[in-house]
Amino acid sequence: MMIAAYGLSKFFPIRGAFRSTASLKAVDDVGLKIQNEQVVGLVGESGSGKSTVGRCLIRLLNPTDGEVLFDIPDSELAEYEKARAAAATERLDAIADRFSLLRRSSSELRPLRRLANIVFQDPYSSLNPRMRLADIISEPMLSTQFCSRAEAGIRARELLHEVGLPEFFEDRYPHELSGGQRQRVAIARAISTNPKLLILDEPTSALDVSVQAQILNLLRGLQQKYGISMLLITHNIAVVAYLAEYVYVMYAGKIMEWGDKRKVLRDPQHPYTKALMSSVPVIGETMTRTVLRGDPPNLVVPPLACRFHPRCPVAFEVCGWSADEVVEDLEYLLAGKYYGTFGDGVHVATEGDRTIVVQGTTDAQRISELVAREQEEIRSLKGIKAVDVTADATLIHLHEPIEPDMYPSTDGREVKCLLFRTGALVPAATS
Amino acid sequence: MATVTESKARFDELRLSGKVFLSNKTAVVGLAIFLVFIGDAFLVQVAPGVLGVQYPDSVVPPQFTQTNPECVGTAPEAPSFNHLFGTIQYGLSGIGCLDLLQLVMKAIRIDVAISFFIVLVGAAIGTVVGVVSGYFGRWLDEAMMRVTDVFFSVPFLILALAVGFVIGRTLVNMALALIIIWWPLYARYGRSLTLSTKEATFIESARAAGSGRLKIIFRHIMPNVLPPVLVQISLDVGTVILIFSTLAFIGFLPSNALVPELGAIASIGLDFVALGDWWPVIIPGAVITMFSLAVNLMGDGLRDVIDPRRRS
Amino acid sequence: MKLWVYVIRRLVLLLPTIIGLTFLVFALEHLGGNTLFLAQYINPHLTGTAREKLVEELTAKFHLNDPVYIQYFYWLAAVFQGDLGTSTTLGQPVATGFVWFMPNTIMLTLVASVLTWIISIPIGVYSAARRDSILDQGVRVATFTLYSMPVFLIGFALFIALGTAWHALPDQGNIDPVLLPTIPDAWFDHTNAVSYPTHILPLDAFLHGDWTIAWNSFLHVILPAVALTLALLAGIIRILRASMLEVLEQDYVRLARAKGVPERMVQNFHAKKNALLPTVTSYGYLVSGLFGGAVVIEDIFAFKGIGWWTTDAFLNGDVGVVMGSTLVFGLILVVTTLILDILYAFLDPRIRYE
Amino acid sequence: MSDALEIRDLHVRFHTRRGLYRALNGVNLRLARGEVLGIAGESGCGKTTMGLGVMSLLPRNASYPQGQVVFDNKDLVNLPREYSERVGDRFSPKQNERILRRVSKAMAPIRGRRISMVFQEPMTSLNPVLPIGFQVGESIYVHDPAQLARRVLARSKATPELTRELVSLLAATHGDETSVRKFAAEHDLAGIEEQALFVWSRGDIHISRKEKAIRALSGQPMNFVERWIIDTVVRARSIPWYLSRIPILSRIVRRVLMREGNRKARELLTSLGIHHAERVVRMFPHELSGGMRQRVVIAIALANNPEIVIMDEPTSAVDVTVQAQILELVKRIRTSVSASFIVISHDLAVLAEVCDRIAIMYAGRIVEVAPTDEILHKPLHPYTQMLISAIPTLEGKPVEGIQGDVPDMRAVPSGCAFHPRCPFAFEKCREVIPTDLPHGSDQLVACWLYEGK
């Protein structure tokens, strides 16, 4: 196994008045594996934490929590996973001490930097404007003592040739190059120390389609020639479809689904993956799409349980509806569509986490009817478990949310959605 | 073939920089005036005789009791063909009359040299502190920010007075006092430049490549921080000379120190204002203005050169 | 981020600054041993054993034999009680001097600030909106020159032109000396030339209904105020013009034009407020220059504010006054910057920092 | 029926320190009424310049040496073109700025009212210090202040009896527009009809709530000053000079009218599917997500029922799921609004979804125009063919890049600008600029390969 991450989390502190009181949960409990010589895609929208995962994997950022094992034999990894399942701390530590990237000091890390490198999205800011291309490409070789200065110079020229640039470019400065050419230089730098793993962070999103195709083909060629493992981080699903074998789908800091590319893209299981796939405009196809309402959530206070539930078109009872979410929709309905039934003077408020009080009406019957009628459209109403009456108000009780896990599907992929929980409230895969 | 296009590209960049600077007419004028000042300072240092300057380090000849035969009467003379800038009397008793042009020529050397000295030393200290604290961040950065906050919390002229009051009123101490108030400016500026450079992913690339902190600071951050700092230096020389001469004018330099400094000369001229003589104050002031203006205009042109928006 | 969080954070940051400030002043005062500090309490003509005895007494009184950090706390305690030492030139406690002279300085700087803003906003905005027009070029030349002039030259040019040469305006002091004897003792301390109750002569005369004095002393304010305004003006116009030019190239201004908003409204509504915000922040730095300028201007026009008092003290070796005004000017600047920052946060709907 | 807009041989150049940047080199394009025309091309091919050029919003270093933009039988760029023709090579941005100021004045009644534009970056195209309601309402305030005044006046004149009558009329006719208009005209309540119809057309509230809202449109109290201002503006059909130029008075006038502008903004935003519009209009741009901001910008563009809407990369800066929302919105408004659209994008797939016709741009020229289906399935120009084959698909089919880079527009290749990258280029391509060759009934292609076919 090239790299395997378990329970990777990265929280960024938010500055408050005195010290950080809250944190942005950019990556939360992410697991990810890349086999030797394999290309794995990590897809997600902006702000989903996919770039943070890439940076944490090679310790450009120190994760808040989790474990990253690098270049570990499969047998040892199996051992590790067994120990992990059994929570055998000692055995865990024994293996992790040898393969964990997070347990390395920065001096121990330096030789390992030869084996993994990264290519960034913006080719304009990823090359130092005040360095010659030859120096830019040589930097990793010299910093990791991969070879001598003289050899690095020769190899830099070879690498320029390898990525399809003329050798005399070695004396140029980045601003003399076009975006595509810069990205080629960034790739040359990344592969200069013959790494086994390459993190590609949106390698083509700043480029035009015609140039993007050139870069994709270059990457594919290099991968086939040298057998580099790659993690391809991108928001463009078509790019993943072109290069990767496996794909992870990320949303709001969590992995939602992962599996074989063909299966995930052709037949997505998770509601988010489905919506994502249907959002991608495809040439020459007019389709009916699931348009997600709203925007990705605020990760300082993420939604309860499943982070996708507020936008999920099939979210159900236990997906994580909070009292606030239900109140907002209920209020809107009572004051708008059901104004005729309830009139003025109805006031909805939360009472604790799981209870809602509707002041001004004791007509539980009508409210239950309303909930039953609207809950297919307005999913938050699904969270309502029971409607009670007191002397002067109506009490609404909500279901307890259940945190989804990664549930293995029959065809080898895993989906983080309660629909696939065996023995769930609802039969698996309703749609 | 390759090398030809290569050097041509390099040359084009330089030529473009020149073109951007030259297209700013006022900057060119500034440069010309600046060169006149530098030339004067240089000549006074190397060969004062060429300009007819004697005793470049003192306002008056050493034996200043000796009456100057050129002087007629005790009143300062207004600018005339003989004395382009007019004359002033040193001491109201009419002990000696001094040609203001000569005095100004002497003073320019001191003013230009000291303001460059102040800004360069201040910038060197400040930039290093700023880059280091900006790069390492955390408590070091907090501490640096709080320290500079304190220096910023006193109006600089008053801080300079207080420092001078304590360490003594000499020319060198005046420069020291100004360095003390000047470095925090560069610490802030260097810090903010470092922070924005740190944002660029090439720093992250360097870390991914295994480069150490020192290498990142010297190979990646410094080369990107220095050009704007240099422009700032060129602009600040114009500001420092203003504060410097103002301090001297207030009386930072005791009048018996006899330092030929433009502000100090203007304050000698102060004695004649009651008589209705304007030139002893206005001319040294105007010379300071000329220099400051020249430097500001030039700095403006330099800023255009490094501004990518102006280049396109 | 909410506004109050920002304000609290800003206030918290104020503390180390103020502590640092007191520390700086204390260090300056005690840096060169005790002589400097003691000078304010000892008659320079006193010699021999009498002097030694006095030194000993004072050393004990101010705990000068204790370790420096202990001395600092004694000093700080004294400062908190308003004891800033004694002024040898004034023959009064330093704190009293500040009470007397501060109002004049505050008036001068306030008047100059208000004048500056009133004049610079329309000029800066119009000059940027009509980039490269004759007017803009004139403004640029004028501000560039003014910006490059030392404060004393600005002051003196006015002094000579309007005061000495044309006698258009009075140029020395706070009031015509001829009028001094006519001021009743009831609200004027003739020994120290201090008026009551506000210590601002035109205002006090106005309060007491003495129109001659009020008018005359008002005339004395004009030249220093104008000189200070000129010294400050160029900086603000330059910043405002530059940020206005930048704002005028923003996408949202282009969208306003695409909406068909007339150019006049684009400038006054869409661009001006956005351009003023960064100008307000930069004004924090300019305030430092404003106080420095006030020192010089007061000196030139012999206008009795703390600036004039400080330079006088500086030249006459009056340590208590120099150190005291460093501390006091420092505190004023800190508070002014705080107010400006909060004002900025209040004006900008995107309250964000760091 | 004549075209909504015609661009004839439009050239635009930018005078930069690095030389003359030839952004547009003879663009010919017709926009039919009611159609949605897509413009596709790589970055730097002049798409955005064309959009801004039509609006005369180009910066001051842009010159128009040739060409016309004909809208409503008028040439929109004749002033700057005449200037460019007059000075030739001695073009000066400073002089041009004066011309631009005159153009702006001349364009003011057209911009935002008859032709409006949506910009690429929703994050920067809204003013950070003005509330959303102001920014949306303003587009009506500057073009049709009388409309706002009429709305206020109508509410103040309407009696409870009249609004009750209006409710029953709406109920009886199921919200028929003409009868409501007739009713408003009969009772001298011009301005109330659109408010009533808006409430009536809302799908998300109960009928009794609608009735209540319409009944609330009556008897709005006004103080003396407000009444005077509103009356004056309604009578003059615009803001008379003495109300807009006198310093303090103009402020009061703006406040009075913009209060109504805010109300109108609420209606506009609600009709674009924004919930809680009454909350949104009070917010500032930084409080909204990218997708929401783009809706606000679209609302601004549609506020005055323009004849042409130019959308410059409306979805490039937002995520796929939000892009899907915006695309659905655009599809919806193109059926409900009578405007013609020009949609500029680098993403052919986006254009394919919303456009009737697509024009492909390369190096400042249109190289191919055809109905969407033709472009996608029968592309003629080699560039179009290669562009389509470069797009990766979900099936992961092999992609082909185009060799080389976009040409430097300071030194455009001779002849067909695409010839250095074109595998089919022959002698003529290097020397002669291809003309637009018609192909079939509705396809135009600028390529010598199709000469004589």
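The values are calculated or read from the model by the stated rules, or taken from the named source; none is laboratory data. Here the structure is a predicted model, which means the values were calculated and not measured. FYI the Cβ positions are ideal-geometry reconstructions off the backbone, even for glycines, and counts take in every protein chain you see. Heavy atoms of the whole protein, side chains included, go into the accessibility calculation; ligands, DNA and RNA do not. Shrake-Rupley method; radii C 1.70, N 1.55, O 1.52, S 1.80 Å.
Brief remarks on what is shown
- Count of region C:10-54 residues which are in contact (Cβ under 8 Å) with a residue 60 or more places away in the chain and open to solvent by 50 Å² or more (accessible area, probe 1.4 Å): 2
- Just so you know, in region D:30-63 the residues that are assigned to a loop (DSSP other than H, G, I, E, B) and more than 11 Å from every other protein chain (Cβ to nearest Cβ) include one that is most open to solvent (accessible area, probe 1.4 Å), and it is D:R33.
- Residue count, region A:118-158 (criterion: touching a Gly at 6+ places or on another chain (Cβ under 6 Å) and facing another protein chain (nearest Cβ under 7 Å)): 2
- Of the strands (runs of 3 or more DSSP E) contained entirely in region D:336-453, those carrying at least 1 residues that are open to solvent by less than 40 Å² (accessible area, probe 1.4 Å) and in contact with a His (Cβ under 6 Å, 6 or more places away or on another chain) fall at D:365-371, D:443-445.
- Of the residues screened, A:A86 is one that is more than 26 Å from the chain's Cα centre (by Cα), more than 9 Å from chain B (Cβ to nearest Cβ), open to solvent by 60 Å² or more (accessible area, probe 1.4 Å) and not charged (D, E, K, R).
- Evaluation of A:Y338 against (1) surrounded by fewer than 17 Cβ atoms within 10 Å (Cβ to Cβ); (2) farther than 24 Å from A:G320 by Cα (one fails), failing number: (1)
- C:G20 being within 11 Å of chain B (Cβ to nearest Cβ) and of a type outside the set (S, T, N, Q): yes
For (1) within 14 Å of chain A (Cβ to nearest Cβ); (2) touching a His at 6+ places or on another chain (Cβ under 8 Å); (3) within 30 Å of A:L333 (Cα to Cα), each residue gets a yes or a no:
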| site | (1), (2), (3) |
| --- | --- |
| D:R215 | yes, no, yes |
| D:G219 | no, no, yes |
| D:I230 | no, no, no |
| D:P240 | no, no, no |
| D:I248 | no, no, no |
| D:L268 | no, no, yes |
| D:V280 | yes, no, yes |
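- Residue match in region D:135-144 (condition: at pLDDT 90 or above, buried (at least 21 other Cβ atoms within 10 Å of the Cβ) and of a type in the set (D, E, K, R)): yes
- Set side by side, the residues A:A315, A:A305, A:A323, A:A335 differ, and just one is farther than 28 Å from A:L42 by Cβ and more than 13 Å from chain D (Cβ to nearest Cβ), which is A:A323.
- Region B:265-284, subset free of Cβ contacts under 8 Å to residues at least 40 places away in the same chain and within 17 Å of C:D299 (Cβ to Cβ), residue nearest to the chain's Cα centre (by Cα): B:A266
- Residue match in region C:75-87 (condition: part of a loop (DSSP other than H, G, I, E, B), open to solvent by 40 Å² or more (accessible area, probe 1.4 Å), outside the structural domain of C:V226 (by the TED database) and hydrophobic (A, V, I, L, M, F, W, C)): no
- Test: residue in region A:358-370 that is surrounded by 17 or more Cβ atoms within 10 Å (Cβ to Cβ), out of contact with any Gly (no Cβ under 7 Å at 6 or more places or on another chain) and within 25 Å of A:R307 (Cα to Cα): no
- Single unsatisfied condition, B:T239 versus (1) within 11 Å of chain A (Cβ to nearest Cβ); (2) without any contact (Cβ under 8 Å) to a residue 60 or more places away in the chain: (1)
- Considering D:L387, D:L380, the condition of being farther than 30 Å from A:R262 by Cα and in contact (Cβ under 8 Å) with a residue 24 or more places away in the chain is satisfied by D:L380 alone.
- Matching residues in region C:74-118 - criterion: being farther than 20 Å from C:V321 by Cα and either among the charged types (D, E, K, R) or free of Cβ contacts under 8 Å to residues at least 12 places away in the same chain (or both): C:L110, C:V114, C:I118
- Among (1) at positive phi; (2) touching a residue at least 12 places away in the same chain (Cβ under 8 Å), the one test that B:F202 misses: (1)
- Look at region D:189-208: where a residue is within 14 Å of chain A (Cβ to nearest Cβ) and a partner is among the basic types (K, R) and surrounded by fewer than 22 Cβ atoms within 10 Å (Cβ to Cβ), sitting 6+ places away or on another chain with Cβ atoms under 7 Å, you get D:D204/A:K337; D:I205/A:K337; D:H206/A:K337.
- Within region B:260-267, one or more residues are within 8 Å of another protein chain (Cβ to nearest Cβ) and either closer than 27 Å to C:F144 by Cβ or touching a strand residue (DSSP E or B) at 6+ places or on another chain (Cβ under 6 Å) (or both).
- Among the residues of region A:245-277, those that are touching a Pro at 6+ places or on another chain (Cβ under 9 Å) and within 11 Å of chain D (Cβ to nearest Cβ) comprise A:Y251, A:A275, A:L276, A:M277.
- Looking only at residues of region C:169-208 that are more than 24 Å from C:T96 (Cα to Cα) and hydrophobic (A, V, I, L, M, F, W, C), we find that the one that is surrounded by the most Cβ atoms within 10 Å (Cβ to Cβ) is C:L169.
- Those helices (runs of 4 or more DSSP H) of region B:78-174 in which 1 or more residues are surrounded by fewer than 19 Cβ atoms within 10 Å (Cβ to Cβ) and at pLDDT 90 or above occupy B:100-136, B:138-152.
- Candidates B:A206, B:A187, B:A200, filtered to the one that is within 8 Å of another protein chain (Cβ to nearest Cβ), open to solvent by less than 10 Å² (accessible area, probe 1.4 Å) and among the small types (G, A, S): B:A206
- Taking the criterion of being more than 10 Å from every other protein chain (Cβ to nearest Cβ), buried (at least 24 other Cβ atoms within 10 Å of the Cβ) and modelled with pLDDT under 90, the only residue of region C:284-302 that qualifies is C:F301.
- Residues in region C:64-74 that are among the hydrophobic types (A, V, I, L, M, F, W, C) and part of a helix (DSSP H, G or I) were compared, and the one that is modelled with the lowest pLDDT is C:V68.
- Only residues that are facing another protein chain (nearest Cβ under 8 Å) and closer than 19 Å to B:H83 by Cα were counted in region B:283-302, giving 2.
- Selection from region A:160-186 of residues that are open to solvent by less than 10 Å² (accessible area, probe 1.4 Å) and either polar (S, T, N, Q) or within 23 Å of the chain's Cα centre (by Cα) (or both): A:Q183
- Some residue of region D:64-80 being open to solvent by 10 Å² or more (accessible area, probe 1.4 Å), more than 28 Å from D:S316 (Cα to Cα) and within 13 Å of chain C (Cβ to nearest Cβ): no
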